[in-house]
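The structure appears right after this line, and notes come after that.
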Amino acid sequence: MVCNFFSVENLRGYTCGLWTSFHLFLSLSSDEQAPLFVEAMSEMILNHFSCLECRKNFRNEIELFPLSDVTDHSSGVRWLWKLHNSGMNYDLF
């Protein structure tokens with residue numbers, strides 16, 4: 001795993017660690033847990049992430065990829081993959 005591209009020096013390791021954790025936890029979730037996990041993950045980012053620009057970018061992305069798209073494990077994994085790849089277009093995310 002590489003966490004040193006598209007770098008914002010004071011945020012890169014932290015945000016990379018978050019994405020890694022999100023991918024790991026979602027990959028281990030059951031069909032029933034996946035929608036709950038993405039909701040909790042989104043609430044954490046939208047309400048507690050210290051980078052306000054990152055929060056705004058994330059809010060924009062979940063308008064493109066609504067949480068309601070996640071109905072089971074497989075759809076959750078695909079949702080996070082699309083969300084993460086789309087978010088790579090931002091300097092901060």
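The values are calculated or read from the model by the stated rules, or taken from the named source; none is laboratory data. Keep in mind it's a predicted model, so treat the numbers as computed, not measured. Don't worry about glycine lacking a Cβ; one is built from the backbone with ideal geometry, like all the others, and counts go over all protein chains shown. Areas reflect the complete protein model, heavy atoms only, side chains present, ligands, DNA and RNA absent. Shrake-Rupley method; radii C 1.70, N 1.55, O 1.52, S 1.80 Å.
Annotations
- Checking each residue in segment 42-75 for being over 17 Å from Ser29 (Cβ atoms), at pLDDT 90 or above and of a type in the set (Asp, Glu) picks out Glu61, Glu63.
- Restricting segment 1-41 to residues that are in a loop (DSSP other than H, G, I, E, B), within 19 Å of Ser86 (Cβ to Cβ) and open to solvent by less than 60 Å² (accessible area, probe 1.4 Å), the residue that is modelled with the highest pLDDT: Cys3
- Failed condition for Glu61, given (1) among the acidic types (Asp, Glu); (2) part of a helix (DSSP H, G or I); (3) open to solvent by 50 Å² or more (accessible area, probe 1.4 Å): (3)
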